[in-house]
Amino acid sequence: MAAPGRPAATLPAAIEPADLPADAIEVGRIADAWGVKGWFKVLPHSAEPQALLSSTRWYLQPSERGAKTFSGTVLLRVRETKDHSDSIVARADGVEDRNGAEALKGARIFIPRSSFPTADADEFYWVDLMGLDVVNREGVHLGKVTDLMATGPQTVLVVGYEEEGKAQERMIPFVSQYVDGVDQAAKRITVDWQPDY
């Protein structure tokens, strides 16, 4: 609902309906308007949001909760992005004032995986590790990657498995001391880790 004396936010006309690409990954959400010239604040899902910063085509879907100013998927053509404290600020074609930016509040941002910058040889996007099987050097299956956690200096694989009919989790640091290799083609991560750790 609009604040008294202010018009309700409506989606700018330059933002067009689109189909969500098959390889789209949710990378963040729009938190709120930022300033009065159409900029908006973005909360990235990653501590290192290179894909968000480098892409000029964001696909938006409305928030799963809260007010919705649009439905379905729309294409947002991003003009500029900047790091700002713990978030990103951005501006886009057709979003010229605060009202236009407020219309995007809560929107979920998707980028095609094919648009992500190429990772270095020993670097991986978290999304590429999700669902991979984790096996140790002896070939014992330890589970599947269900999540990743940033714990300051390192990332930790959250490996889900079942024991006696109950869902369990293992935490394995994603560092070279414990991870022997990642084979994305085989959908497997080999680790120096035992089931009883």
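Annotated for the chain: lysine pairs at least 8 residues apart or interchain, Cα distance under 28 Å, count 12. Length available on full extension from Lys82 to Val36: 0.36 nm per residue minus the Cα-Cα distance, which gives 14.9 nm. Legend: ranking of residues Leu52, Leu20 from fewest to most surrounding C-beta atoms inside 10 Å; resulting order Leu20, Leu52.
What number comes out for the charge environment of Asp180, summing +1 per Lys or Arg and -1 per Asp or Glu over other residues with Cβ under 15 Å away? For residues surrounding Asp180, the net value is -3. When the helices of the chain are scored as -39500 (n - 2.57) per DSSP H run of n ≥ 4 and the total is divided over every residue, the value at 222 nm lands at -1500 deg cm²/dmol.
Among the trypsin sites (Lys or Arg not before Pro) found in the range 157-192, not one is both in a DSSP coil and sparsely packed, with 10 or fewer other Cβ atoms within 10 Å of its Cβ. Cα convex hull, the range 126-191: 83 Å³ per residue, rounded to a whole number.
How long are the three semi-axes of the equivalent ellipsoid for the range 74-191, computed from the Cα gyration tensor as the root of 5 times each eigenvalue, in whole Å, largest first? Don't skip to the end; give the middle numbers.
Numbers: eigenvalues 279, 53, 38 Å².
For the range 74-191, the ellipsoid semi-axes come out as 37, 16, 14 Å.
Each of Tyr178, Tyr197 was scored by other Cβ atoms within 10 Å of its Cβ. Listed from fewest to most, they are Tyr197, Tyr178. Can you compute log10 of I(q)/I(0) for the chain with the Debye formula, treating each Cα as one identical point scatterer, at q = 0.07, 0.08, 0.09 Å⁻¹? Results for the chain at q = 0.07, 0.08, 0.09 Å⁻¹ read -0.28, -0.36, -0.44.
Add +1 for every Lys or Arg and -1 for every Asp or Glu among the other residues with Cβ under 13 Å from the Cβ of Arg91, and state the total.
Numbers: positive: Lys37, Lys41, Arg77, Arg79, Lys82, Arg98; negative: Glu80, Asp93, Glu96, Asp97.
Value of the local net charge: +2.
What are the GluC sites (Glu not before Pro) within the range 64-107 that DSSP puts in a loop, where the Cβ has at most 12 other Cβ atoms within 10 Å? Mind showing how you got there, number by number?
Details: sites: Glu64, Glu80, Glu96, Glu102; in loops: Glu64, Glu96.
Counting only loop positions with at most 12 other Cβ atoms within 10 Å, the GluC sites (Glu not before Pro) in the range 64-107 are Glu64.
Since every read-out is calculated from the coordinates, none of them should be taken as a lab result. Just so it is clear, the model here is predicted, and its values are computed rather than measured. Neighbour counts run over all protein chains shown; Cβ positions are idealised from the backbone, glycine included.
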